[in-house]
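For reference, the structure discussed in these notes is given below.
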Amino acid sequence: MTQEQARELVKSRLSHKRYKHTLNVKDMAVALAQRYGADEEKAALAALLHDAAKEMTRQEMLQIFSDNAIMAKNAAQRPFPVWHGVAAAILCVTRWGVTDPQILSAIECHTTGRAGMTLLDKILYMADATSAERSYPGVEALRREQMQNLDLALLHSLEQSIGFVQEKGGELDPETLAACRDMRRRVAGLAGGSPT
Ligand SMILES: [Fe+2]
Ligand SMILES: [Fe+2]
């Protein structure tokens, strides 16, 4: 799938507001890919498709999960806000011919992160958290930090996200906690590691 095809696809599936968000995430993902030497084309495609399932109903997504149980894993048991990433990754493979495992992984975990995130996973997570239209307190600091130290920015973004869900009394996804623990270990490891 080309970027143009992905753009057209999501334009037809999303509200104007979410389509604008998607284009902003794509711009940020490409900027981060340039900064960290990731594949810009994959970053752009993953970003364009990341919210492609966001406006589907709960019932539609449940159907996708039951039709593709192996790929869906335990998605239906996880908090609802997580579902659309898993559903989009399944649609990529089953309907849209996008099979690159790096792109699929980034789309699947873009809401929660996970332990052992790849560079592309991190780029999409951060691009989604810091896209141009976002205006929550602290987003400016994250935008600066992610250009200096992606892992540290990711850790801070995960911590904020956990704090936000806890404050609202929402349900925390275990993958977010696993991602946060993993990034804490990595960041501490780098800080305390012997110079090479
Ligand atoms: Fe999303
Ligand atoms: Fe998004």
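We did not get these values from a lab; they are worked out from the coordinates using the rules stated. For clarity, every value in this text was computed on a predicted model and none was experimentally measured. Backbone-built Cβ (ideal geometry, glycine too); neighbour counts: all protein chains shown.
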What's the tally of Lys pairs in the chain whose alpha-carbon atoms lie under 15 angstrom apart, where the two lysines are 8 or more places apart or on different chains? 9
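Run the dipole for segment 3-192 about the Cα centre, Lys and Arg Cβ at +1, Asp and Glu Cβ at -1, nothing else charged, and hand back the magnitude in debye, nearest 20. Numbers along the way, then the final one.
Values: 24 positive and 24 negative charges, 39 e Å.
Here the size comes out at about 180 debye.
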Which residue, Thr94, Thr112, Thr130, has the most motion in a Gaussian network model of the chain that connects Cα atoms within less than 10 Å? Thr94
Output the 0 to 90 degree angle, nearest 10, between the alpha-carbon long axis of helix 80-94 and the longest principal axis computed from the alpha carbons of the chain. 60
Length-normalised contact order of the chain in % [C-alpha pairs under 8 Å, at least 6 apart]: 21
Once both labels are modelled 7 Å past Cα along the beta-carbon direction, what's the Arg18-Leu172 spacing in nm? 2.7
Of the peptides 53-61, 115-123, how do they stack up when ordered by the mean number of other Cβ atoms within 10 Å, highest first? 115-123, 53-61
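Kindly provide the helix-only [θ] at 222 nm of the chain, computed as the sum of -39,500 (n - 2.57) over DSSP H runs of four or more divided by all residues, to the nearest 500 deg cm²/dmol? Don't skip to the end; give the middle numbers.
Values: 11 runs with 139 residues, N = 196.
After summing the helix terms and dividing by the residues of the chain, the value is -22500 deg cm²/dmol.
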Label the chain by shape, choosing from rounded, prolate and oblate, from the square roots a ≥ b ≥ c of the eigenvalues of the Cα gyration tensor; if a/c is under 1.5 it is rounded, and otherwise prolate applies when a/b is larger than b/c, oblate when it is not. prolate
For the chain, take the longest principal axis of its alpha carbons; what is the angle in degrees between that and the long axis of helix 16-36, to the nearest 10 within 0 to 90? 40
Quick check: the angle from helix 58-67's long axis to the longest principal axis of the chain, C-alpha only, nearest 10 degrees? 90
